[in-house]
1. Mind listing whichever residues of the stretch 47-59 are surrounded by 14 or more Cβ atoms within 10 Å (Cβ to Cβ) and in contact with a helix residue (DSSP H, G or I) (Cβ under 8 Å, 6 or more places away or on another chain)?
2. Taking only pairs six or more apart or across chains, which ones have beta-carbon atoms under 6 Å, a first residue in the stretch 139-160 that is part of a loop (DSSP other than H, G, I, E, B), and a second residue that is of a type in the set (A, V, I, L, M, F, W, C)?
3. Keeping to the stretch 44-88, report how many residues are among the aromatic types (Phe, Trp, Tyr) and within 14 Å of the chain's Cα centre (by Cα).
4. Restricting to the stretch 39-59, what's the tally of residues that are in a loop (DSSP other than H, G, I, E, B) and either touching a strand residue (DSSP E or B) at 6+ places or on another chain (Cβ under 6 Å) or under 21 Å from GLU90 (Cα atoms) (or both)?
5. Looking at this structure, is PRO68 within 30 Å of LEU111 (Cβ to Cβ) and either among the charged types (D, E, K, R) or at pLDDT 85 or above (or both)?
Amino acid sequence: MLKKPLDSGIGSRVDNESVNTTTVRARSLGASECARLAGVSSDTLRYYERRRLLPAPPRTANGYRRYPLEALSRIRVIRSALAVGFSVDELARILGARDRGLAPCQQVRQLAAKKLEAIEQRIREFQQLRRALRKTLAIWDEQLVGTPSGKRAALLDGLANSRPNGALELSPLLAPALRRKLSQGGRER
């Protein structure tokens, strides 16, 4: 029995495999290249995949991820949305709807409006805190002028005495979730 060498000419299986691999590589990016071009880490790409912000890319025979070029624009959308306050969970729902052919534009608009209102509320709280701190500092400056050097002025004690319900007035410097929890007396919802 005579063994024939593998025909690697045009149209052979070997030729088609190399063309397909080359074509795929020309239209896709490896994980590190995609991450570098998008300005994120490879870990971030994997995180986006796990959280369903970025569709899982095809893999090569040896298991390496190959991201389509469109992934770069998707990553830019994700980063931009995160930068203006959208959460990962919100984005996963929105992008999932888009991927299913839906148009969640009204939902995106409503979420953005809620975020703006929350920011405006925090700004009002910060302005109130600023006024309170200015008043407190003016009082403390008067106290310090009348306090002999080396003696305690009891500034914090005076603050607690002037605000007997101060524990209920939570600072806007606290994270909103922590403020909600503390204002509910530490009870879980």
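The values are calculated or read from the model by the stated rules, or taken from the named source; none is laboratory data. Owing to the predicted nature of the structure, the values given are computational and were not obtained by experimental measurement. Methodologically, a virtual Cβ is constructed for each residue, glycine included, from the backbone with ideal geometry; neighbour enumeration extends over all protein chains shown.
1. TYR48, ARG51, ARG52, LEU53, LEU54, PRO55, PRO57
2. Listed pairs, sorted by first residue: THR147/ALA153; ALA153/LEU144.
3. Start the filter on the stretch 44-88 by keeping residues that are among the aromatic types (Phe, Trp, Tyr), which leaves 47-48, 64, 67, 86.
Now restrict to residues that are within 14 Å of the chain's Cα centre (by Cα): 47-48, 86.
Total satisfying the criteria: 3.
4. Step one: filter the stretch 39-59 for residues in a loop (DSSP other than H, G, I, E, B), giving 39-41, 51-58.
Adding the requirement that they be either touching a strand residue (DSSP E or B) at 6+ places or on another chain (Cβ under 6 Å) or under 21 Å from GLU90 (Cα atoms) (or both) leaves 40, 51-58.
Residues that pass the stated criteria total 9.
5. In short, yes.
Every residue, every condition in (1) among the hydroxyl-bearing types (Ser, Thr, Tyr); (2) at pLDDT below 95; (3) in contact with a Gly (Cβ under 7 Å, 6 or more places away or on another chain); (4) surrounded by fewer than 13 Cβ atoms within 10 Å (Cβ to Cβ), yes or no:
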residue	(1), (2), (3), (4)
ALA61	no, yes, no, yes
LEU91	no, no, no, no
ALA112	no, no, no, no
LEU116	no, no, no, yes
GLU125	no, yes, no, no
ILE139	no, yes, no, no
GLU142	no, yes, no, yes
